[in-house]
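The values are calculated or read from the model by the stated rules, or taken from the named source; none is laboratory data. Because the structure is predicted, anything quoted here is derived from the model rather than measured. Cβ coordinates were reconstructed from backbone atoms using ideal geometry, including for glycine residues, and neighbour counts include every protein chain displayed. Only protein heavy atoms, including side chains, enter the accessible area calculation; ligands, DNA and RNA are left aside. Shrake-Rupley method; radii C 1.70, N 1.55, O 1.52, S 1.80 Å.
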Amino acid sequence: MNESHLVLHGIAVKKHGGRDAIADLAGLDAAAVDGLLEAAVAGGRVAQVEDKFLLTPAGRMIVDAQYSRFYAAAREDAEFRAAHERFEIVNNELKQVITDWQTMSVGGEKIANDHSDPDYDDKVIDRLGQVHEKVEPILKRFAVNVPRFAHYLAKLEAALEKAEDGEAKWVSDATLDSYHTVWFELHEDILRVLGREREE
Amino acid sequence: MAQALGEFVLALDGSALPPREQIGGKAWSVARMLALGLPVPPAVVITTDACRAYLDQGHFPDGLEDQIGAAVAWLEAQTGRTLGDGDKPLLVSVRSGAAISMPGMMDTVLNLGINDATEAALAAESGDAGFARDTHRRFLELYAGIVLKATLPESSAGDPRAMVEAIEGQGLQVPATAREQLHAAVEAVFASWNSRRAKRYRKHHDIPDSLGTAVTVQAMVFGNLDDRSGTGVLFSRNPLHGDPEPYGEYLHRAQGEDVVSGKFTPEPLSSLREALPEVHDALIAAAQTLERENGDVQDIEFTVQRGELFLLQSRAAKRAPAAAVRFAVDMVNEGRIEAATALARVSAEQVRSLLKPRLVEGATDGAEILARGEIACQGVGAGVVVTDSDEAERRHEAGEAVVLARATTSPEDVHGMIAASAVLTEQGGSTSHAAVVGRALGVPCLVGCGEGSVTALAGREVTVDANGGAVHAGLLEVVSPSETDDPLLAQLTQWAAERCPITVTDTDDGAFDLDHVEGAEDPQRLPALLAGHDSVRGGAIESDAGVAAALAAGVSTIVARHPLPVMLAALAASRGDDA
């Protein structure tokens, strides 16, 4: 896979990402990414603000065109598309699990989960573990065509294990590589690979 | 001792309370309700001794099979029903239960004992063939998923025969008799003791692997057998606002899952009082007993079967922030709990949410409503509407208050959501990205406002009332509540101040101001930055982690606009509660 594409892709998924986060999403060495970022900035495809990066309008056009070129084979692979269909089903489950993590039902009304009931929280994290077991084979299938999907599995598992060990923020904190943050980037990634739009 | 039916099996008859280590938490609470003279469906427990023997030997220990047979006979005698057969079939639930509740253990299998013949008997008994079919379907679904770990295709849903065929198609088998199904379910509970998640949890929490789990087998009761049957939930006090009156919902002629499914609209508790006054009074008395014995507000699930009340579960009630405060203060005033206990039951986060800015009363009167949406994260936020996340961030950094309005949000918008005082979307519901991230960030958020509804507001000043679900034109007047204005919060503040390990004040005495220190908005960096300072303010010092860092660094005074949440966080940290 073209490394300069991967860097643009990393910034497209994690806008305002730092170098390490971009390297992570691209599945490249952080050291290798420095040179690629420098070249992309020089070429007017990427803008740098302090230590964060974002795509310029030109960079965005280029990366969108690259998706259809580089992933043509994956897009035509029926098994890959079938794995994506399974992913969307599991995605709905994940969204419900995360919502149940953040909210709880009190006397028939939904209010914010204040995490004062460990039994409730444990059951939700149990369900997150079940979702994880379902997404594992799907990501492995994605990785047959697009190897970087294997990285998501490791990152999801790391977040899951921290959540299981009682660090609640690793479920859905938007400022960390929490389970939900990684999942959403993964979802964004697969949609870009397939050239699809997200459905709410 | 409850009545022993053998070395490994006890019948819970209320005669004495066996130790939690032997029967697990769930059976223990059933036994305790029985000991208090409260009505509970008949239950037996297969003890943790049996689990340990099973894990040692890899199979049921000698005698267990016969003792389970005796347990079934006891349940049959208690209920006047028969398992897996007859015109009055006995159905049971099978659940795991360790002394310490633990994730990763087997979920509950319900309705065990149903098959084609008992489905027909149940249909005749209840006069409701649909209910009997549904009971059969639910059993197969749970048995397949939990005991057999089979995946049922949606196409088989609803038809027991198709479900069984789908299970067999995966090389698995639903045993022919209820006894064999019960055996397999008990074995699955024992095996779940060694699931990946349970093992990890025990290791992390230093819980010995040798404890083992018990298995509770309990008769199912039905709330849909006749007009004198029903099911519901009762809170010993109102969990939303905290009023001391019991609060509940009742579904006439319905089964427990109907309450959860949302298929039926529950009636208020008064409908139970009108229909079955004696049952209603017994229920209220039971709630008071359980609240008094447990020293906390209870959430009780109950079923009425042919005019007879059964309590299914009672536990400390989940509560909204306002109710948490009211319960805590009321129960101290009633002499039920100590002030220190009351303080432990109100979290800093709950008080912070009560102190969030809100609209001045009457502020929305006459204000034009520009859009309505589903409330994803409560709160109030105002500013000028922008539709681009980069622009939101830029204008926020320039000191402007902005409301981010998008058709939908994606990970590319997170920086804009962080900058915004409120977030609006046009598509998506309570599980959408905007809803999830909005709640995670604590940003007031309305979702699903409708195609073209909010992005069209670009450039206008609006107030988002994410408590009421509306977007109002203009910047409406907002107040920040204070803990001294509210008598309940003022009372908690007084108790907290008497016990707090550090001084927390809203008057600045020249404290070291972390707002002027690089990196002090990150609680993880506070330990290094706090060294040598006695009195501090600003940065992340008011967060739970910030307060813990201040305690650890030996800070003596924190200056905060709202002292109560800081004191509650300090008390929690000094108790060693998990953050």
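Looking only at the stretch B:406-420, which residues are facing another protein chain (nearest Cβ under 8 Å) and closer than 13 Å to residue A:175 by Cβ?
As a first pass, look at the stretch B:406-420 and keep what is facing another protein chain (nearest Cβ under 8 Å): B:408, B:410-412, B:414-415, B:417-418.
Scanning the stretch B:406-420 gives B:411, B:414, B:415, B:417, B:418.
Considering each residue of the stretch B:344-352 in turn, at least one proves to be more than 29 Å from residue B:282 (Cβ to Cβ), within 14 Å of chain A (Cβ to nearest Cβ) and surrounded by fewer than 17 Cβ atoms within 10 Å (Cβ to Cβ).
Of the strands (runs of 3 or more DSSP E) that lie entirely inside the stretch A:17-127, those containing 2 or more residues that are open to solvent by less than 30 Å² (accessible area, probe 1.4 Å) span A:52-55, A:103-106. Of all residues in the stretch B:360-376, those that are farther than 22 Å from residue B:451 by Cβ and open to solvent by less than 30 Å² (accessible area, probe 1.4 Å) total 2.
Counted as qualifying within the stretch B:62-166 are the helices (runs of 4 or more DSSP H) with 2 or more residues that are touching a helix residue (DSSP H, G or I) at 6+ places or on another chain (Cβ under 8 Å) and more than 28 Å from residue B:29 (Cα to Cα), namely B:116-126, B:129-142. For first residues located in the stretch A:81-95 and under 14 Å from residue A:179 (Cα atoms), partners that are open to solvent by less than 70 Å² (accessible area, probe 1.4 Å) and not in a helix (DSSP H, G or I) and lie 6+ apart or on another chain with Cβ distances below 6 Å form the pairs A:95/B:431. Within the stretch A:139-173, can you find the residues that are within 10 Å of chain B (Cβ to nearest Cβ) and of a type in the set (Asp, Glu)? Within the stretch A:139-173, A:161, A:164, A:165, A:167, A:173 meet the criteria.
Being farther than 23 Å from residue B:48 by Cβ, in a loop (DSSP other than H, G, I, E, B) and either within 14 Å of another protein chain (Cβ to nearest Cβ) or at pLDDT 90 or above (or both): is that true of residue B:211 here? It is false that residue B:211 is farther than 23 Å from residue B:48 by Cβ, in a loop (DSSP other than H, G, I, E, B) and either within 14 Å of another protein chain (Cβ to nearest Cβ) or at pLDDT 90 or above (or both). Only one of the numbered conditions (1) at pLDDT 95 or above; (2) out of contact with any helix residue (DSSP H, G or I) (no Cβ under 9 Å at 6 or more places or on another chain) is violated by residue B:205, and that is (1). Just one of the listed residues (B:37, B:14, B:80) is on the phi > 0 side of the Ramachandran plot, free of Cβ contacts under 8 Å to residues at least 12 places away in the same chain and surrounded by fewer than 19 Cβ atoms within 10 Å (Cβ to Cβ), and it is B:80. Applying the set (1) in a loop (DSSP other than H, G, I, E, B); (2) within 14 Å of another protein chain (Cβ to nearest Cβ); (3) not aliphatic (A, V, I, L, M) to residue B:248 leaves exactly one unmet item: (1).
Within the set of pairs 6 or more residues apart or between chains, which connect a residue that is more than 16 Å from residue B:442 (Cα to Cα) inside the stretch B:368-387 to a residue that is open to solvent by 30 Å² or more (accessible area, probe 1.4 Å) and assigned to a strand (DSSP E or B) with Cβ atoms less than 9 Å apart? Going by the 9 Å Cβ cut-off, the qualifying pairs are B:383/B:461; B:384/B:461; B:385/B:461; B:387/B:406.
Listed residues B:337, B:284; which is over 30 Å from residue B:355 (Cα atoms) and away from every other protein chain (no Cβ under 14 Å)?
B:284
To keep it simple, each residue is scored yes or no on (1) without any contact (Cβ under 8 Å) to a residue 60 or more places away in the chain; (2) closer than 23 Å to residue B:368 by Cα; (3) outside any helix (DSSP H, G or I).
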| residue | (1), (2), (3) |
| --- | --- |
| B:430 | yes, no, yes |
| B:438 | no, no, no |
| B:456 | yes, yes, no |
| B:471 | no, yes, yes |
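Quick one: residue B:528 ticks every box in (1) part of a loop (DSSP other than H, G, I, E, B); (2) over 20 Å from residue B:352 (Cα atoms) except a single one, so which number is it? The number of the failed condition is (1). Could you grab me the full set of residues in the stretch B:466-480 that are open to solvent by 20 Å² or more (accessible area, probe 1.4 Å), of a type outside the set (A, V, I, L, M, F, W, C) and either within 22 Å of residue B:322 (Cα to Cα) or in contact with a Leu (Cβ under 8 Å, 6 or more places away or on another chain) (or both)? Residues satisfying the conditions are B:467, B:468, B:477, B:480. Among all positions in the stretch B:432-449, there is no residue which is in contact with a strand residue (DSSP E or B) (Cβ under 8 Å, 6 or more places away or on another chain), of a type in the set (S, T, N, Q) and modelled with pLDDT of 95 or more.
Within the stretch B:421-448, count every residue that is of a type in the set (A, V, I, L, M), open to solvent by 10 Å² or more (accessible area, probe 1.4 Å) and facing chain A (nearest Cβ under 9 Å).
As a first pass, look at the stretch B:421-448 and keep what is of a type in the set (A, V, I, L, M): B:422-424, B:434-437, B:440-441, B:443, B:446-447.
Narrowing the set further to residues that are open to solvent by 10 Å² or more (accessible area, probe 1.4 Å) leaves B:440-441, B:443.
Among the residues that remain, those that are also facing chain A (nearest Cβ under 9 Å) are: B:440-441.
Total meeting the criteria: 2.
The residue list B:200, B:237 contains one member that is outside any loop (DSSP other than H, G, I, E, B) and within 14 Å of chain A (Cβ to nearest Cβ), which is B:200.
Going through the stretch A:174-186 one residue at a time, which ones are assigned to a helix (DSSP H, G or I), of a type outside the set (A, V, I, L, M, F, W, C) and either touching a Lys or Arg at 6+ places or on another chain (Cβ under 7 Å) or more than 9 Å from every other protein chain (Cβ to nearest Cβ) (or both)? Break it down stepwise before answering.
Taking the stretch A:174-186 first, the residues assigned to a helix (DSSP H, G or I) are A:179-186.
Then keep just the ones that are of a type outside the set (A, V, I, L, M, F, W, C); that gives A:179-181, A:185.
Scanning the stretch A:174-186 gives A:179, A:185.
Any residue in the stretch A:183-191 that is within 9 Å of the chain's Cα centre (by Cα) and without any contact (Cβ under 8 Å) to a residue 12 or more places away in the chain? Yes: one or more hits.
Does residue B:326 count as touching a Lys or Arg at 6+ places or on another chain (Cβ under 9 Å), assigned to a helix (DSSP H, G or I) and buried (at least 17 other Cβ atoms within 10 Å of the Cβ)? Even if it seems obvious, please write down each step before you answer.
On the way: touching a Lys or Arg at 6+ places or on another chain (Cβ under 9 Å): yes; assigned to a helix (DSSP H, G or I): yes; buried (at least 17 other Cβ atoms within 10 Å of the Cβ): yes.
In short, yes.
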